[in-house]
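Asks: So that we are looking at the same thing, I have put the structure below in C-alpha cells.
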Amino acid sequence: RFGFITTWKMVGGFPWTPSEGFTKTRIGEPKIDLNETYSIGGNPVGWSLYTSPNATGLIDFASAIGQEDQVCGFAFSKISVESPGEAKIKVGSDDGIRVWVNEQPVLEKNVDRGSGIDQDQAPILLQAGENRILIQVTQGGGGWNAFVRLTKVDGSPLKFSPLD
C-alpha cells in the first residue's frame, strides 16, 4: 500500500473563497462528530463512506461529493499503529489542504494547484492504537482531490491498520 490511506468518511462542499483561505470553521474542526449533519444551501448533508478505487489512494472529492467550484470538503480516517512514535504524513492536493492528526494541526497550504503524490509533508507523532486524521481540501475550479500517506521518518511505508 506504500502507506496510502484509502478509506475515509467525507462531507462537503461548503461554500469557500480563495481569499478566506482556512479562516472559517465549518464542522467544528478539528473536533468532529461523524453523526452530525450540516446545512449547505438549506440542504442537510452528512458524512458518507468513501473507499479509493485507486492504488495510490486518490481521494476524489468531485466523485464523492460532487463537482463544484468555490467550495471545500473534509475527509476523516482512523488508523491504528502498534507502537507510539514519530512518523511523517505526506499529502498532495488539488487545491489547498489543511491537516490535523489527533486533533492537532500539522500542515496547511492555501494554494491553487493540481495534485501530485507527496507534494507536502509534515512530522507527526502517533500514539499506540487509534489515531485520527482529518483533512480539509479547497476547490477553486477544475480537479478536486488529494492523496494522503503515512511513512516512517526515513520515508519507508508505515505499517498501520484502518479502523471503522
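Asks: Of the residues GLU29, GLU20, which single one is charged (D, E, K, R), under 24 Å from VAL111 (Cβ atoms) and surrounded by 16 or more Cβ atoms within 10 Å (Cβ to Cβ)?
Replies: Working: GLU20 fails: surrounded by 16 or more Cβ atoms within 10 Å (Cβ to Cβ).
Going through GLU29, GLU20 in turn, the sole match is GLU29.
Asks: For segment 33-89, give me each residue that is in contact (Cβ under 8 Å) with a residue 60 or more places away in the chain and polar (S, T, N, Q).
Replies: Across segment 33-89, the qualifying residues are THR56, GLN67, GLN70, SER77, SER80.
Asks: Provide a single number: the residues in segment 18-30 that are in contact with a strand residue (DSSP E or B) (Cβ under 9 Å, 6 or more places away or on another chain) and part of a loop (DSSP other than H, G, I, E, B).
Replies: 7
Asks: Continuing with this model, one more query. Could you please let me know if ALA146 is exposed (fewer than 15 other Cβ atoms within 10 Å of the Cβ) and modelled with pLDDT of 95 or more? Spell out the reasoning first.
Replies: Values: exposed (fewer than 15 other Cβ atoms within 10 Å of the Cβ): no; modelled with pLDDT of 95 or more: yes.
So ALA146 does not fit the description; no.
Asks: Looking only at residues that are open to solvent by 80 Å² or more (accessible area, probe 1.4 Å) and not polar (S, T, N, Q) in segment 42-83, which one is nearest to VAL137 (Cα to Cα)?
Replies: Checked segment 42-83; the qualifying residue nearest to VAL137 (Cα to Cα) is ASP69.
The values are calculated or read from the model by the stated rules, or taken from the named source; none is laboratory data. Quantities reported herein were computed from a predicted structural model and do not represent experimental measurements. We place every Cβ from the backbone using ideal geometry, glycine too, and count neighbours over all the protein chains shown. Ligands, DNA and RNA are excluded from the accessible area calculation, which covers all protein heavy atoms including side chains. Shrake-Rupley method; radii C 1.70, N 1.55, O 1.52, S 1.80 Å.
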